[in-house]
Structures are given as C-alpha cells and as structure tokens.
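Here is the structure we will look at.
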Amino acid sequence: MIQTVQTTAFTDQKPGTSGLRKKVRIFAQPHYAETFIQSVFDSLAEIQGETLVIGGDGRYLNREVIQTAIRMAAANGFGTVLVGRGGILSTPAASHMIRLHKAYGGLILSASHNPGGPDEDFGIKYNIANGGPAPEAITDAIFARTKTIDRYLTLDTPDVDLDRDGETLVGTTRVRVVDPVAAYADLMETLFDFPAIRAMIASGTRLSFDAMHAVTGPYATEILERRLGAAPSTVVNGTPLPDFGGHHPDPNLVHAHELHARMMAPDAPDFGAASDGDGDRNLIIGRNIFVTPSDSLALLAANAHLAPAYAKGLAGIARSMPTSQAADRVAAALGIPAYETPTGWKFFGTLLDAGLATICGEESAGTGSDHVREKDGLWAVLLWLNILAVRRQSVVEIVHDHWSLFGRNYYARHDYEGVPTAGADALMTALRVQLATLPGTTVEGLTVTAADDFAYTDPTDGSVSLKQGVRILFDGGSRIVFRLSGTGTEGATLRLYLERYEPKDGKLGHEVAEALAPLITAAEKLANIKHHTGRTDPDVIT
Ligand code: VG1
Ligand code: CO
C-alpha cells in the first residue's frame, strides 16, 4: 500500500557541481533525503515500469538512504531497481550499469572526495539514461521542485537484504542485488590489452594503488590483483569504510601523502595511483615523478591509440575550462577538435553522446572516455598501464618525452577552503568589475591579452551556462582562473588555477612553484585574496 507522507519543502537543496552535498547532520533531518529523492522523481517524465540503478560509495548513511530510496522508487512506480551488493557502486560502475541495463537513470549516493562519517559529508546525485550526471536543465528542475514539494511516496516494507545477490519484491517492484564489480571489470577487459599488462607485471613491474578506504578497494583488488596478477599487497587501504578511516578520500599530494612518500622512496614501485571516495578520480605518480592531472589528460590522449579501444584514434578531446591547455596542444597535433567546457562532468555528456569527443578530463584528477559517462579513476590507471606495457618506458621518460614534443604547461591549483561566503563573493564581484579594463594592462611583467567570465554554449543543444569562472589570459599562453567551488559543504572554497606555458625548447625542468611565482603574485594583485579571504596562504595546493 503506497503511503503519502506530508512534508514541507527545504530551501537548501540546490544541486552543485556534482549533485546535492551536505553535512550528514543535515541529511539526517527527518524527511530531508526523502524530499530530495521525491523531487528528483517528480522532475522525470514517465518512470512507470522503468529501471533505476542505486548504489553509493559506502560512506556513513549509505545503507540507510539506499533502503529509503528503494522504497520510494517502488512507491513511485519503477518496475525494477538494481542495487550494488552491500549498497556499493563506484560512480563509473554505476554509469556503466545504467547503460548496460538500459536503465531510466540512477541514484548515486556519494559526496565523492569529501570526507565521510557522522560529522562529515553525504550526497545524492541523479544520473540520466546515458549514464551521465543530469544536465543543468534537469538539476534546475529538481531544485525548483524541492522548493514547492509537500509530500513524498513510500512503502511500509522491511529492509532489503543488501548483502545477498538475488531478487526480491518490494511492493510490485523487482529489486535485484547485483555484483558491483564484475560487469565493470569485464568492461575494462574489453578496452585494454590485459595480456600485455599482465605480462609487464609478471616480468617485474611493481604497482601501488591507494584506495583510501573508499569504494575502489574491491574494484582495484579484482582488476589489478586477480585479473592482472599484481602482488597481493598492491592495493592498500582496500576495504571501504563508512568514514574512510578518518581520512579525506581526495587523491592529491596532500591527502594521498603516504602514496607520494612511497613513490619517492629509494625502493619505490614503478607506478603508483590512488582514487577518491566514489572512484571517479585518479592520481598518477611514477617513481620519483608526480604527474599533474592536466598533463595526465594530455598524455593519455596522445597515447590512447596504444590501447585497443582507442586504436582507431580519437574524435576529439574535451577539458574543463580551468584544466591546463596541454590537452589542446595534443588535439592540435592530432588534427582533432578540442572542447573547453565548464567545470563538472555533466558538461561532457552531450559531447560524448554526439561522438564529438572521445577523451575528457579535468584538472581535479578526473579523466574518462566514451566507455561510460562519468570520469573513471581505474580506467585512467589501466590506460596508463596499457601505455607503459606498450612503450616499455618509465613514467618519467614518458612525461619528459611529452614535454619535449609539446612543451610544458606548468600548473597548480590553490584552494582557500571554508572562507566566509561574503568575502568570497566580494572577491569574485570585484574581479568581474575589472574585466573590461584589464586587456592591454601589465601585471608583474605579464601582459593581459583577454579577460572574461567564462560562458559556455553547448555545441549540441545550444544550452548556455554563464558565470563559470573568471579567467585572465596573458601573452605567451599563461593564465589565471578564479572560481568558487560547487562541491563544498561549509562556507565557500575559492579555487585559484595557475598556468604558465613553456615551449619545448624552453626551460622544462623548473620547480612548479618557482615557475608560477610571477602568476601567484599577479593573482594577489588582481584579486586581493588576502584582504577578501583573511588568509595569507592557501589550505591545499594541488
Ligand atoms: C570539483 C572539481 C571538479 C569536479 C567536481 C566533482 O568541483 O573542481 O572538477 O568535477 O569536484 O568531482 P568544484 O565545484 O568543487 O570545483 V567528484 O570526484 O567530487 O564528484
Ligand atoms: Co569523485
């Protein structure tokens, strides 16, 4: 018997860069998750009898919200619900499952790289039938609905046993608990030359993968250790924990410092990698060399043809605006288009669906391809391994080779976290006011060639996204970009992206901080960061 529960609307359920993210204590309020999930269902067209995929990254509240979502999906008329065993589905595996089963869509329960636990973050994201994050038209509709909603539908049924594969009925809806890993691992085997990678590992190449106690543990163990024969100790922190072991599951040099230390040690493995809470990001570290995500994107694009799935070449390369322009140089050399989109994977979906781009990436350690519609951490790791297996060179040799062909885009991102919102907004407003007068002026010896607030028109459907970040371009290819994060749950996070291009015959061996020093000073002069944020230094540099 379907129950209609009366509720009042919440005012703070606006989806951000990647779904709705809030502190657990906010999500745990009565009817909070229900109101958002019902707003999602109410924003969809005809869902009667359709299939919905549900899974999450295993963080605190995951199982509870999955049970809620199953009952509500049944009450709202979905015919089938597919749920990952244990409530687990990495974001790319969920994307694949939606596509594989031709589902109507999916709910992914994750706050991704944000920490988990009773005092930390939770999130809900809706993905559409192509497997990708809902585009802005849908997230806007969901937000509009959250403001007026006054009821949700559910059933009074017992919890589904999430730990046993098989099918049960919830109301009249078939709920199938499925292996979260197998189909994804099978997909990876179709894309890459597993025998070549297996042979490379068998001949002594050593790997280290830090799953950060997040969702990729079971995936990496199955793929790297079982299917590719890497040593049993290859995957570290491989058990997903509701609080990620108290760590921040963000694969960068700050939060994955143990992996970094291991890769810089005298007996370092040949290849190191890490992923984030929900498995869609990747950090790549070779022995003695950290590969910036922007360089990794460019390198993967330049070498993708070495893997079976991309042997026939790429249709195009897409990157988010703040991501370094290294990938554009590869696209130019390959004679294929380069696309520049706003931050967030939802903007790549239409390009991938239309066959305009094959590989996409973001500076925030996200890379992926048209095999799913999300960024994919283990995919990037496997493409790297496939390239290493074919080229038979070390990571450092491959990176240096790349720079000597294309030049080097020195790059860093400075994050100022938990800044008072008013200060962050004032900083952005003051920058926007200056934009028209900046071109032609000189800051720190750098001449501004263009300055704007990035606006994007999707080439496939013409949809327009405004105010996606302030960018200041300088003579010679250097850039400074400012934007506010759309994934944080406390105050504002200012992201400052710094990039300087050095041609192939230039100085390729600088320290990054040294190469970017004039840009850092210029950013302070242009934006008065200290004044507006009250901070003298960034919290995190990646
Ligand atoms: C950040 C990153 C962005 C990424 C998004 C989701 O967004 O900058 O590139 O797509 O997180 O990643 P923002 O708005 O905070 O800058 V994940 O792995 O947290 O889903
Ligand atoms: Co993520």
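The values are calculated or read from the model by the stated rules, or taken from the named source; none is laboratory data. This is a predicted model, so every value here is computed, not measured. Quick reminder, even Gly has a Cβ in these numbers, built from the backbone with ideal geometry, and neighbours come from all protein chains shown.
Which of the residues belonging to the stretch 380-427 are under 17 Å from Phe271 (Cα atoms) and in the same structural domain as Asp537 (by TED's automatic domain parsing)? Of everything in the stretch 380-427, nothing turns out to be under 17 Å from Phe271 (Cα atoms) and in the same structural domain as Asp537 (by TED's automatic domain parsing).
The residue that is nearest to Gly106 (Cα to Cα), counting only those in the stretch 184-200 that are among the aliphatic types (A, V, I, L, M) and in contact with a Leu (Cβ under 6 Å, 6 or more places away or on another chain), is Met188.
For the stretch 481-521, filtered to residues that are within 16 Å of ligand 2 (Cβ to nearest atom) and in a loop (DSSP other than H, G, I, E, B), the residue that is farthest from Glu444 (Cα to Cα) is Thr489. Checked against (1) crowded, with 16+ Cβ neighbours inside 10 Å; (2) in a loop (DSSP other than H, G, I, E, B); (3) basic (Lys, Arg), Arg21 passes all but condition (2). The set of residues in the stretch 96-108 that are outside any loop (DSSP other than H, G, I, E, B) and away from ligand 1 (no atom under 12 Å from the Cβ) comprises His96, Met97, Ile98, Arg99, Leu100, Gly105, Gly106, Leu107. The residue list Leu352, Leu378, Leu334 contains one member that is among the aliphatic types (A, V, I, L, M) and more than 16 Å from ligand 1 (Cβ to nearest atom), which is Leu334.
Taking every residue in the stretch 358-374 that is without any contact (Cβ under 8 Å) to a residue 60 or more places away in the chain and assigned by TED's automatic domain parsing to the domain that holds Leu100 and pairing it with any residue that is within 14 Å of ligand 1 (Cβ to nearest atom) and of a type in the set (Phe, Trp, Tyr), at least 6 positions away or on another chain, yields no pair with a Cβ-Cβ distance below 7 Å. Please identify the pairs in which a residue from the stretch 306-329 that is more than 11 Å from Cys360 (Cα to Cα) and not assigned by TED's automatic domain parsing to the domain that holds Val291 has its Cβ atom under 8 Å from the Cβ atom of a residue that is outside any loop (DSSP other than H, G, I, E, B) and acidic (Asp, Glu), counting only partners at least 6 apart or on another chain. Listed by first residue and then by second, the contacts come to nothing, as the list is empty. Across the stretch 297-324, the qualifying residues are those that are buried (at least 23 other Cβ atoms within 10 Å of the Cβ) and not aliphatic (A, V, I, L, M), and the one among them that is farthest from Gly407 (Cα to Cα) is Ser320. Tell me, yes or no, whether the stretch 78-86 has at least one residue that is farther than 20 Å from Thr157 by Cα, in contact (Cβ under 8 Å) with a residue 40 or more places away in the chain and either outside the structural domain of Pro115 (by TED's automatic domain parsing) or touching a helix residue (DSSP H, G or I) at 6+ places or on another chain (Cβ under 8 Å) (or both). The answer is no; no qualifying residue exists. In the stretch 166-218, what residues are of a type in the set (S, T, N, Q) and either surrounded by fewer than 20 Cβ atoms within 10 Å (Cβ to Cβ) or part of a strand (DSSP E or B) (or both)? If the condition is that a residue be of a type in the set (S, T, N, Q) and either surrounded by fewer than 20 Cβ atoms within 10 Å (Cβ to Cβ) or part of a strand (DSSP E or B) (or both), then Thr168, Thr172, Thr173, Thr190, Ser203, Thr205, Ser208 are the ones that fit.
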